[in-house]
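Trainee: Below: one structure in structure tokens.
Only the coordinates and a few stated rules stand behind these numbers; no lab work does. This one's a predicted model, so the numbers in the text were calculated from it and none came from an experiment. For neighbour counting, all protein chains shown are included, and Cβ atoms are generated from backbone atoms with ideal geometry for every residue, glycine included.
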Amino acid sequence: MRTQVGPLDIWELENDFFLQPSINQFSFLESGNHRIEELYEPEIERISITNTGGGFLVAFEGLIIDGLQQARMVATDQIIEPGERTTLDVVCVEQGRWGDEFSGDIVPRAPISVLAALRGNNDTSHPQSRVWTSVKTHQSRTQSLHTTSLPRMMETYRESRTWIPFREVEKFSLNQRSNGIAISVQGEPLIVEFFSSPELLRSQFKGIVESVLWDLDDYAVSKTSNRNLIDFLDETTNLYDFEKSHIYTTQKDSVTFRSARFPHQRNPIHVLAINHSHPILV
């Protein structure tokens, strides 16, 4: 089913391959059940996380962890077992601050351009450098010259007039059976994303859509043809290979693909493909 949300074309998708009704004992980072700390010897690209809940804990790629000694973004999907204490791979999204540690909020997802910069699209420079460059672009766009913190920039954007199109997201109601979405803007597909249940998609939907809206300066509506969407879905489907690592990453041409699945399970709980050749990412 196709719906217009502001300037975005959104297709709700159903794919039984991803549905895992028997696996429901897990939570995600935004819902709590965890303790996040700096390492004993703090590092920019790793922090400590403890799963304090009784089920698996999932940290999705692109999620922002505010606070600590600097704001970080989760670098890849990660699954933490019940009671496990481990390290979480992250990148910094607050260049220049190191100290004055505080406990901040969890932001569902960074702007899609920052997430795309993290993945790189054949760019061999260091991921942290790419992310800082992308964050600086948002600093200029939001005129947030007083801060290098991406979460603070996003707050500034919310308070500006440009926040108005975001209000349409609040009104959107997903089909009860949908467990995936494809988002297109300016007439071209940008992302396709699937989850292991409709409930999980609904919990992440607002953050997913807003991550695209952050990067738009033009809210004009330009519809995408069904043919373009089908071609994009076919291209991403051909990248599936779930026999490999439970965190699987690959790329073909300008499309990056990442999936995450529980150990000992074949079907993923999350899949995200990004079209890096899209005009808003170039």
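Trainee: What is the chain's relative contact order, in percent, from Cα pairs under 8 angstrom and six or more apart in sequence?
Mentor: Answer for the chain is 19 percent.
Trainee: For region 169-232, which trypsin sites (Lys or Arg not before Pro) are in a loop by DSSP, counting at most 14 other Cβ atoms within 10 Å?
Mentor: Those that pass, being in a loop and sparsely packed, are 177, 223.
Trainee: What's the exposure ranking of 278, 264, going from fewest to most Cβ atoms within 10 Å?
Mentor: So the ranking, lowest neighbour count to highest, is 264, 278.
Trainee: Something else: Any idea what % of Cα-Cα pairs in region 138-245 are farther than 21 Å?
Mentor: Tail fraction, whole percent: 50.
Trainee: What is the fewest-to-most order of 240, 40, 157 by other Cβ atoms lying within 10 Å of their Cβ?
Mentor: 40, 240, 157
Trainee: Using the Karplus curve 6.51 cos²θ - 1.76 cosθ + 1.60 with θ = phi - 60°, work out ³J(HN,Hα) for each residue of region 253-268 in order, rounded to whole Hz, and write x for Gly and Pro.
Mentor: Calculated HN-Hα couplings, in order: 6, 9, 10, 9, 9, 9, 10, 9, 9, 5, x, 6, 10, 7, 7, x Hz.
Trainee: Same structure, new question: Roughly how far apart, in whole Å, are the Cα centres of region 212-261 and region 86-144?
Mentor: 21 Å
Trainee: Of 127, 198, 173, which is farthest along the charge dipole of region 122-234 in the positive direction, counting Lys and Arg as +1 and Asp and Glu as -1 at C-beta?
Mentor: 173
Trainee: I need the phi-derived Karplus couplings for region 228-237: 6.51 cos²θ - 1.76 cosθ + 1.60, θ = phi - 60°, integer Hz, Gly and Pro marked x.
Mentor: 4, 5, 4, 4, 5, 5, 4, 5, 6, 4
Trainee: Follow-up question, since we're still on this one. Between 111, 250, 60, whose Cα lies farthest towards the positive end of the dipole of region 2-281 when Lys and Arg beta carbons carry +1 and Asp and Glu beta carbons carry -1, centred on the Cα centre?
Mentor: My answer, from the dipole projection, is 111.
Trainee: Ordered by residue, what ³J(HN,Hα) values in Hz, to whole numbers, does region 246-251 give under the Karplus form 6.51 cos²θ - 1.76 cosθ + 1.60, where θ = phi - 60° and Gly and Pro are x?
Mentor: Using θ = phi - 60°, the values come out as 5, 10, 10, 10, 8, 8 Hz.
Trainee: To continue, here is another question. So how strong a dipole does region 124-282 carry about its Cα centre when Lys and Arg Cβ are +1 and Asp and Glu Cβ are -1, to the nearest 20 debye?
Mentor: 320 debye
Trainee: Now for a different question. Given the C-alpha atoms of the chain, compute the convex hull and give its volume per residue in Å³.
Mentor: 128 Å³
Trainee: Could you order the peptides 210-219, 179-188, 106-115 from most to least packed, using the average number of other C-beta atoms within 10 Å per residue?
Mentor: 106-115, 179-188, 210-219
Trainee: Sticking with this structure for a sec: Taking amide H positions as placed 1.01 Å from N in the peptide plane, with prolines and chain starts having none, which residues 5 or more places from residue 270, or on another chain, fall under 5 Å of its amide H?
Mentor: 260
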